[in-house]
Amino acid sequence: MEKDINKIISTNLTKLRKQKKLTQLELANKFNFSDKTISKWESAESLPNIEVLCKLAEFYGLTLN
C-alpha cells in the first residue's frame, strides 16, 4: 500500500513539473533543493515531507486533498 501511494505521488510530481515545462534543476532551484532530490522524489526513492508537499501543491495551484 505504501509503495502504491509513493508511486502515485512521484508520478504526479513528475507530471506537474512537466506541465509547467520545468526541468528538475529549475524546480530544485525554486525550492532550494538539488536536482538529485527532485529526481529521487520523481522515482519514488524518497518523498518530500508534508511541509514541502504543501509548498509544492501551492506552487502548482492545488490542494493536498
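The values are calculated or read from the model by the stated rules, or taken from the named source; none is laboratory data. What you are looking at is a predicted structure, and each value in this text was computed from that prediction instead of being measured. Glycine also receives a Cβ, built like all others from the backbone with ideal geometry; neighbour counts cover every protein chain displayed. Protein only, heavy atoms only, side chains kept; ligands, DNA and RNA dropped before computing areas. Shrake-Rupley method; radii C 1.70, N 1.55, O 1.52, S 1.80 Å.
Just a few scattered comments:
- Surface per residue (accessible, 1.4 Å probe) for the chain, Å²: 74 Å²
- Computed 3J(HN,Hα) for the stretch 32-38, one whole-Hz value per residue from the Karplus formula 6.51 cos²θ - 1.76 cosθ + 1.60 where θ = phi - 60°, is 6, 10, 8, 5, 5, 5, 4, glycine and proline marked x.
- Percent accessible area from carbon and sulfur atoms, the chain, protein chains only, probe 1.4 Å: 53 percent
- On full extension, the segment bounded by I9 and S46 gains 12.3 nm, given 0.36 nm per residue less the C-alpha separation.
- Loop sites in the chain: GluC sites (Glu not before Pro), DSSP, at most 13 other Cβ within 10 Å: E45
- In a reduced charge model with +1 at each Lys and Arg Cβ and -1 at each Asp and Glu Cβ, the chain shows a dipole moment near 260 debye about its Cα centre.
- What the Cβ-Cβ distance of E26 and L53 gives, at R0 = 25 Å and to the nearest 0.05, is a FRET efficiency of 0.85.
- Comparing the stretch 1-64 with the 2.2 N^0.38 Å rule of thumb, its C-alpha radius of gyration ratio is 1.01 (two decimals).
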